[in-house]
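First up is the structure itself, then whatever we jot down about it.
Read-outs throughout are calculated quantities, based only on the coordinates presented, and are distinct from any laboratory measurement. Since the model is a prediction, treat every value here as computed from it, not as a measurement. Counting neighbours? That spans all protein chains shown, and the Cβs are built from the backbone with ideal geometry, glycine included.
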Amino acid sequence: MRLARAIVGAGLLLAACSPAAPPILPPTVTVPVPATPPAPSADAPRATPAETAQAEIESRKKVRAMIARVARARGLPALREVPIKVLNRDEILARIKAHVDDDVPKESIVDEGEALAALELVPPSYDFLEGSYKLIQGRIAGFYEPADGTMYLVDDLDDDEAEETLAHELDHALQDQTYPLAPMMKYAPGQSDRLGAAHALVEGDAMSAMYDVVAGSAFNVNDKLFQGLATASTALSAQGSAAPYVLQASLIAPYSDGFSFVQALRLKGGWPAVDQAWRALPETTEQLLHIEKYLAREPAIVVPVPATDALGAGFHAVLDDVMGEQSLRIAIEAWAGRAAAIPAAAGWGGDRYVVARRDAGGQHEIALGWHLVFDTDKDAHEMAAVLEKRFGKACKERDLLGPIAWASKGRDVAIAGGPFERRAAGAPPASASTCKAIAGWPRAMLAAAKP
């Protein structure tokens, strides 16, 4: 979900290889899905400096040839040469960590992890930041860095994997040379859904161009089959199986949803229609997921930040943001499965969540408030049915994470999680409230809703 992608997505703007999956076999051509091999064991031999230097010379030759192929397929000009560096996985991860440290405030990542815990989307004591890095490290083949215009390639790829990775990443280089990526993808507080939509366009464009190069045509690839294979491949990998579902799904979503969006645009107007989307970016993941809403430029419903007064004295907002339809879908997938999630999330109209904190000595309490507005009352009832099945009719007591309560009225739905208390580092949290005490917060969010 987009909460998770605040960290995963920051790496994946760079880590533009898609999750590994088996080849797809359409009627006329075998289509490789970008492959990411398992990380080498700790005692595997490392390349010597001389071997690495020779590999970079050979890679530069391949880059020159590949960028010409991608430019022809994509219809974007190659305005300058793209340098290449070959790195091992530890070095790749170090660069991603440096990028995240520079771009995203660490406290916002921690607070987003707390929001995921409050919604039962990650375990109560899960190390959100470290878990995200482990997932990325094991599932990356290379990246293009807009800051220095350089292509970075992992040193353990076979020839087919390297070709697929080069095609994908060099499309990012061409994107960057025509539509600068860094300003478009720069972290901005409260803008996660907008950034998620733009990120998916970036990745979907690269997926589609890559398939044109390595498979003859991206239209030989069924986007729904790709999504299913990528999901299964990630879940079955060593890194994916150790990660909560929301992180797995957030890793895949920019590629699968972005690919579907770009393919829909190409069906309507070819690559020129995609170029037009770069000049008029999707503003929400709702527009990304529903091409007709993008073409109509349907705006999101503006939802105010939930007030924290109902929590009592001392609580203050430390983070607020928009989840968006894509993140809502991923959350419902984790709670109820994908078949239920797609229709339940499709009625999303707008939302806003807040993470609130109260400090007391060396301890602190955390609570989450989330106000969603749907397109119709019927859409809100679908969401209410999901919540009732997962959390009971109105509230569920939890020993570690505090109560989780919800309420609905018309097309509005409000959810409150916690408060729960964080103690010493590494210690499990403990409930700091009850259903009776927290029930007023969802009602207060609904009372503040616009008619």
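For region 144-226, the gyration tensor built on C-alpha atoms gives an oblate shape. Its axis ratio a/c (a ≥ b ≥ c) is at least 1.5, and a/b is not larger than b/c. Does region 227-364 come out rounded, prolate or oblate by the C-alpha gyration tensor, with a ≥ b ≥ c the root eigenvalues, rounded set by a/c under 1.5 and, if not, prolate when a/b is larger than b/c and oblate if not? Cα axes put region 227-364 in the oblate bin. Measure out, as a whole number of angstrom, how far apart the alpha-carbon centroids of region 360-406 and region 66-130 sit. Centre-to-centre (Cα) distance: 30 Å. For region 242-306 and region 131-163, what is the centre-to-centre distance using only Cα atoms, to the nearest Å? Centre-to-centre distance over Cα atoms comes out at 24 Å.
Shown for R443, R411, R329: other C-beta atoms within 10 Å of each C-beta, ranked fewest to most, produce the order R443, R411, R329.
Taking the Cα centre of region 309-447 as origin, sum charge times position over the Cβ atoms of Lys and Arg (+1) and Asp and Glu (-1), and report the length of that vector in debye to the nearest 20.
On the way: 17 positive and 17 negative charges, 72 e Å.
Using Cβ point charges on Lys, Arg, Asp and Glu, region 309-447 gives about 340 debye.
Per residue, the convex hull around the alpha carbon atoms of region 75-152 comes to 133 Å³.
Within straight-line reach of K186, meaning a Cα separation under 18 Å, sit the following aspartates and glutamates at least 8 residues removed in sequence or on another chain: D101, D102, D103, E107, E112, E145, D148, D176, E203, E283, D320, D321. Ranking Q363, A310, G324 by how far each Cα lies toward the positive end of the dipole of region 309-447 (charges on Cβ) leaves Q363 at the top. Annotation: amide H of V86 within the under-5 Å range of L153, sequence separation 5 or more or interchain, hydrogens built in the peptide plane.
From most to least packed by mean Cβ count within 10 Å, the peptides 242-250, 210-218, 165-173, 381-389 give 165-173, 242-250, 210-218, 381-389.
The Cα atoms of region 137-287 give a gyration tensor whose axes a ≥ b ≥ c have a/c under 1.5, which makes the shape rounded.
In order along region 118-131, the phi-based Karplus estimate (6.51 cos²θ - 1.76 cosθ + 1.60, θ = phi - 60°) of 3J(HN,Hα) comes to 4, 8, 6, 9, 9, x, x, 10, 5, 7, 4, 5, 5, x Hz; Gly and Pro are listed as x.
What's the long-distance tail for region 57-200, i.e. % of Cα pairs beyond 28 Å? Spell out each step's value before the answer.
Details: 2790 of 10296 pairs.
Tail fraction, whole percent: 27.
The convex hull defined by the C-alpha atoms of the chain has an orientation-averaged projected area of 21.3 nm².
In this structure, the amide hydrogen of T150, modeled 1.01 Å from its nitrogen in the peptide plane, lies closer than 5 angstrom to those of E145, counting only residues at least 5 positions away or on a different chain. Think of each Lys and Arg Cβ as +1 and each Asp and Glu Cβ as -1; about the Cα centre, that makes the dipole of the chain roughly 940 debye. Distance between the modelled labels on E292 and N222, one decimal in nanometres: 2.4 nm (7 Å Cα→Cβ projection). Its alpha carbons give region 309-447 an Rg and a Dmax of 15.0, 46 Å. About its Cα centre, region 282-347 has a charge dipole of approximately 180 debye under the convention of +1 per Lys or Arg Cβ and -1 per Asp or Glu Cβ, with nothing else charged. Helices in the chain, meaning DSSP H runs of at least 4 residues, each add -39500 (n - 2.57). Divided by all residues, the mean residue ellipticity at 222 nm is -16500 deg cm²/dmol.
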